[in-house]
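Read through the structure below, which is laid out as structure tokens, and then see the notes.
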Amino acid sequence: MTDRPPVPKRKKPLGYASVLGLCVIFGLLVGGASGFINDMGGAIADPLRAILLTITVVFVLAISLIWWRGADEAVREAHKWAWYWGGSVGIAAGMVVFALLSWDSRLIALPPLEPADAVMIGMTLILGLQVVGYTVAWAIWWLRRR
Amino acid sequence: MNNRLKVLRAERNWSQADLAAALGVSRQTVNALETGRYDPSLPLAFRIAHVFGQPIEAIFSE
């Protein structure tokens, strides 16, 4: 028997390339708008930045939702597993850095920072560690099922 | 859980991509199912049974 199995009609899901393409286009638009707002300056700049940020967050959530609905169950399972284990290990790694900074400042010496900069560095560090953990865990999930 | 997906697919001379399209999943998911390292949800197991025209228990076993 060589016939192919019947393929039910389904809406074609949004693939990785489409998601990346849309994000790149949107990123360019937001980057351009952000530069325009910075050049413009004045009292109106801050509300415009807030509006732009809101639009960006809504876009990211919408594109994520559309992609998630098109993903099959194994793809979702890989991401859920990566979210839990990769994200948790990333936070745990961040806690180690936090402990080293708290217990003995000689272990990790930071230059004097403004409070806003310290908060930004801390958030970026945790986010970065979570992204690394997520990526590694996602790759492990698929490599174990090859 | 063990399954006979690879055998059933080979009997029909279907590629993993053919089966993936019929099930509405990615080829990587079909591969993960065939290696036995990923157990499908009940709805996907029913879809697999439907595509092969066999009961679930004839395809999956403990």
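A few notes on this one:
- Residue under evaluation A:Leu127, criteria (1) surrounded by fewer than 15 Cβ atoms within 10 Å (Cβ to Cβ); (2) under 30 Å from B:Ala45 (Cβ atoms); (3) free of Cβ contacts under 8 Å to residues at least 24 places away in the same chain, criterion not met: (2)
- Flag if A:Gly70 is in contact with a Leu (Cβ under 6 Å, 6 or more places away or on another chain) and closer than 30 Å to B:Val30 by Cβ: yes
- Only one of the numbered conditions (1) assigned to a helix (DSSP H, G or I); (2) modelled with pLDDT under 90; (3) not aromatic (Phe, Trp, Tyr) is not met by A:Arg106, and that is (1).
- Test: residue in the stretch A:74-87 that is surrounded by 15 or more Cβ atoms within 10 Å (Cβ to Cβ), touching a Pro at 6+ places or on another chain (Cβ under 9 Å) and assigned to a helix (DSSP H, G or I): yes
- B:Ala20 vs. criteria buried (at least 16 other Cβ atoms within 10 Å of the Cβ), within 11 Å of the chain's Cα centre (by Cα) and within 11 Å of chain A (Cβ to nearest Cβ): yes
The values are calculated or read from the model by the stated rules, or taken from the named source; none is laboratory data. Note that this is a predicted model, so its numbers are computed, not measured. Backbone-built Cβ (ideal geometry, glycine too); neighbour counts: all protein chains shown.
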